1. Taking region 1-30 as the region of interest, how many residues are surrounded by 16 or more Cβ atoms within 10 Å (Cβ to Cβ) and either of a type outside the set (Phe, Trp, Tyr) or closer than 23 Å to residue 72 by Cα (or both)?
2. Select from region 55-86 the residues that are loosely packed, with under 10 Cβ neighbours inside 10 Å and under 14 Å from the mean Cα position of the chain (by Cα) and write down the one among them that is modelled with the highest pLDDT.
3. Return a yes/no flag: does region 31-52 have any residue that is surrounded by 12 or more Cβ atoms within 10 Å (Cβ to Cβ) and in contact with a Lys or Arg (Cβ under 7 Å, 6 or more places away or on another chain).
4. Would you call residue 52 under 30 Å from residue 11 (Cα atoms), small (Gly, Ala, Ser), at pLDDT 85 or above and under 9 Å from the mean Cα position of the chain (by Cα)?
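The values are calculated or read from the model by the stated rules, or taken from the named source; none is laboratory data. Since the model is a prediction, treat every value here as computed from it, not as a measurement. Using ideal geometry, Cβ is built from the backbone for each residue, glycine included, and neighbour counts are taken over all protein chains shown.
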Amino acid sequence: MAFAELIVVACAAHLALGLAFAVPFVTFGIGRIDPDARQGTLGFRLLIVPGATLLWPLLLARWVRGAGPPEERTPHKALLHQEPEP
(Lines give C-alpha, C1' and ligand atoms only; values in the text may rest on other atoms or scores of the structure.)
Protein backbone atom coordinates (compact mmCIF):
# COMPACT_ATOMS: atom_id res chain seq x y z
CA MET A 1 0.00 0.00 0.00
CA ALA A 2 1.41 3.37 -0.99
CA PHE A 3 1.95 6.06 1.60
CA ALA A 4 -0.74 8.27 0.04
CA GLU A 5 -3.25 5.42 0.23
CA LEU A 6 -2.36 4.90 3.87
CA ILE A 7 -3.06 8.57 4.62
CA VAL A 8 -6.42 8.39 2.83
CA VAL A 9 -7.40 5.26 4.76
CA ALA A 10 -6.32 6.83 8.06
CA CYS A 11 -8.35 9.99 7.33
CA ALA A 12 -11.38 7.91 6.34
CA ALA A 13 -11.11 5.88 9.55
CA HIS A 14 -10.79 9.06 11.62
CA LEU A 15 -13.90 10.53 9.97
CA ALA A 16 -15.88 7.30 10.33
CA LEU A 17 -15.03 7.04 14.03
CA GLY A 18 -15.75 10.74 14.42
CA LEU A 19 -19.19 10.49 12.88
CA ALA A 20 -19.98 7.44 15.03
CA PHE A 21 -18.93 9.51 18.06
CA ALA A 22 -20.65 12.76 17.05
CA VAL A 23 -24.22 11.44 17.03
CA PRO A 24 -24.30 10.25 20.67
CA PHE A 25 -22.13 13.19 21.73
CA VAL A 26 -24.45 15.89 20.41
CA THR A 27 -27.44 13.97 21.77
CA PHE A 28 -26.18 13.15 25.29
CA GLY A 29 -22.60 14.26 25.91
CA ILE A 30 -22.61 17.96 25.08
CA GLY A 31 -24.52 18.78 28.25
CA ARG A 32 -21.86 17.17 30.40
CA ILE A 33 -19.12 19.33 28.89
CA ASP A 34 -21.13 22.55 28.68
CA PRO A 35 -24.24 22.85 30.87
CA ASP A 36 -25.54 25.77 28.79
CA ALA A 37 -25.66 23.49 25.74
CA ARG A 38 -28.24 21.22 27.38
CA GLN A 39 -31.00 23.49 26.13
CA GLY A 40 -29.48 23.60 22.64
CA THR A 41 -31.92 23.35 19.78
CA LEU A 42 -31.82 20.80 17.00
CA GLY A 43 -30.28 23.45 14.74
CA PHE A 44 -27.47 24.07 17.24
CA ARG A 45 -26.78 20.37 17.56
CA LEU A 46 -26.66 19.94 13.78
CA LEU A 47 -24.22 22.84 13.53
CA ILE A 48 -21.76 21.26 15.94
CA VAL A 49 -21.78 17.80 14.31
CA PRO A 50 -18.95 18.62 11.82
CA GLY A 51 -16.73 20.01 14.57
CA ALA A 52 -17.46 17.08 16.86
CA THR A 53 -16.69 14.70 13.98
CA LEU A 54 -13.25 16.22 13.44
CA LEU A 55 -12.35 16.88 17.09
CA TRP A 56 -13.74 13.65 18.51
CA PRO A 57 -10.58 12.52 20.38
CA LEU A 58 -10.44 15.77 22.37
CA LEU A 59 -14.18 15.84 23.02
CA LEU A 60 -14.19 12.19 24.06
CA ALA A 61 -11.49 12.89 26.64
CA ARG A 62 -13.46 15.85 28.03
CA TRP A 63 -16.70 13.83 28.04
CA VAL A 64 -15.06 11.00 29.98
CA ARG A 65 -13.50 13.44 32.48
CA GLY A 66 -16.79 15.27 32.86
CA ALA A 67 -15.00 18.58 32.56
CA GLY A 68 -17.15 21.69 32.50
CA PRO A 69 -16.52 24.65 30.28
CA PRO A 70 -12.96 25.98 30.51
CA GLU A 71 -12.44 28.86 32.89
CA GLU A 72 -11.57 32.10 31.19
CA ARG A 73 -8.16 33.40 32.29
CA THR A 74 -7.53 36.95 31.19
CA PRO A 75 -5.52 39.80 32.75
CA HIS A 76 -8.77 41.58 33.57
CA LYS A 77 -10.09 38.61 35.55
CA ALA A 78 -6.74 38.31 37.33
CA LEU A 79 -7.02 41.93 38.46
CA LEU A 80 -10.48 41.26 39.85
CA HIS A 81 -9.14 38.49 42.08
CA GLN A 82 -6.14 40.42 43.42
CA GLU A 83 -6.31 41.63 46.96
CA PRO A 84 -6.33 45.41 47.35
CA GLU A 85 -3.07 47.07 48.37
CA PRO A 86 -2.98 48.54 51.92
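1. The number of residues fulfilling the criteria is 5.
2. In the first step, residues of region 55-86 are kept if they are loosely packed, with under 10 Cβ neighbours inside 10 Å; the result is 66, 70-76, 78-86.
Then keep just the ones that are under 14 Å from the mean Cα position of the chain (by Cα); that gives 66, 70.
Values: 66: 77, 70: 66.
Only one residue tops the list, namely 66.
3. First, the residues of region 31-52 that are surrounded by 12 or more Cβ atoms within 10 Å (Cβ to Cβ): 31-34, 37, 40, 44-45, 47-52.
With in contact with a Lys or Arg (Cβ under 7 Å, 6 or more places away or on another chain) added as a condition, the list becomes 31, 33.
Among the residues of region 31-52, at least one is surrounded by 12 or more Cβ atoms within 10 Å (Cβ to Cβ) and in contact with a Lys or Arg (Cβ under 7 Å, 6 or more places away or on another chain), which makes the answer yes.
4. When the stated conditions are applied, residue 52 passes them.
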